[in-house]
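Taking it in order: structure first as structure tokens, then the write-up.
The values are calculated or read from the model by the stated rules, or taken from the named source; none is laboratory data. Keep in mind the model is a prediction, meaning the values are calculated, not measured. We place every Cβ from the backbone using ideal geometry, glycine too, and count neighbours over all the protein chains shown.
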Amino acid sequence: MNLKEGMVDCKKDMMDFKEGEILCFDKPLGWTSFKVVGHARYHLCRYLGVKKLKVGHAGTLDPLATGVVIVCTGKATRRIEELQQHTKEYVATLRLGATTPSFDLEHEIDATYPTEHIDRPMVEEVLKQFVGEIEQVPPAFSACMVNGTRAYDLARKGKVVELKAKKLVIDEIELLDCSLPDITIRVVCSKGTYIRALARDIGQALQSGAHLTALRRTRVGDIRVEDCLNPLKFKEWVEALPPAENSD
């Protein structure tokens, strides 16, 4: 299914958020995906004149990542699992030569490694190793379940978290910039790919270490980040809609 065809059209005369609509947001830095959902629910409930509205999201983004988050309302929440299957595109900046426990900037650097042996041709060759079907061990600081508990809850308590490798597909990796020790890559990948774990594995393949310093989800299916609503302007967007009908 063409995802863009199902996305809410800002030019519609009337939208039925109870029956179900698909909204796409450009998540700001520092927001959780749940905050995007709560923000949308609050303003839509006020618009509809209701106390409750079913709202959910398809595909979590870390607080330190920005970009496309798909939000479903009403009966469209039944499609969340389907929407999560879409291919995703990211632009990620990696800092080589250092790691953190979470493989991003959520935690302080815990180890440093040499980078003098790394050059652009080496980076380009290593990136080729990650294209296609690969196995990836999710980060300990992730939402994966371990005996009924989120892995990040265990990791934050200092407990050792052992996660099994999962098969996934990397369709494309493009080196956009190589200003060592920083590199910026574009990644097109399947559901379940952790770009933080990819950064870890790229660092190891370069006989060094790496962690993310920036991450932006630029596309989900055929929805690009430029198609998305700005949550910071969502209140004004809702207020510009035609009056809701059949409010409770």
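General observations
- Of ALA40, ALA92, all but one fail to be at pLDDT 95 or above and in the same structural domain as VAL188 (by TED's automatic domain parsing); the exception is ALA92.
- The residues of segment 199-245 that are within 24 Å of GLU19 (Cα to Cα), among the hydrophobic types (A, V, I, L, M, F, W, C) and not in a helix (DSSP H, G or I), listed by number, are VAL220, ILE223, CYS228, LEU229, ALA240, LEU241, ALA244.
- Answer from ILE170, ILE223 - the residue that is closer than 30 Å to LEU53 by Cβ and either of a type in the set (Val, Ile, Thr) or surrounded by 14 or more Cβ atoms within 10 Å (Cβ to Cβ) (or both): ILE223
- Exclusive hit being more than 22 Å from VAL225 (Cβ to Cβ) and buried (at least 17 other Cβ atoms within 10 Å of the Cβ), set LEU83, LEU96: LEU96
- Some residue of segment 127-143 being on the phi > 0 side of the Ramachandran plot, modelled with pLDDT of 95 or more and not in a loop (DSSP other than H, G, I, E, B): yes
- Residues in segment 193-226 that are touching a strand residue (DSSP E or B) at 6+ places or on another chain (Cβ under 6 Å) and more than 17 Å from PHE103 (Cβ to Cβ): THR218, ARG219, VAL220, ILE223, VAL225.
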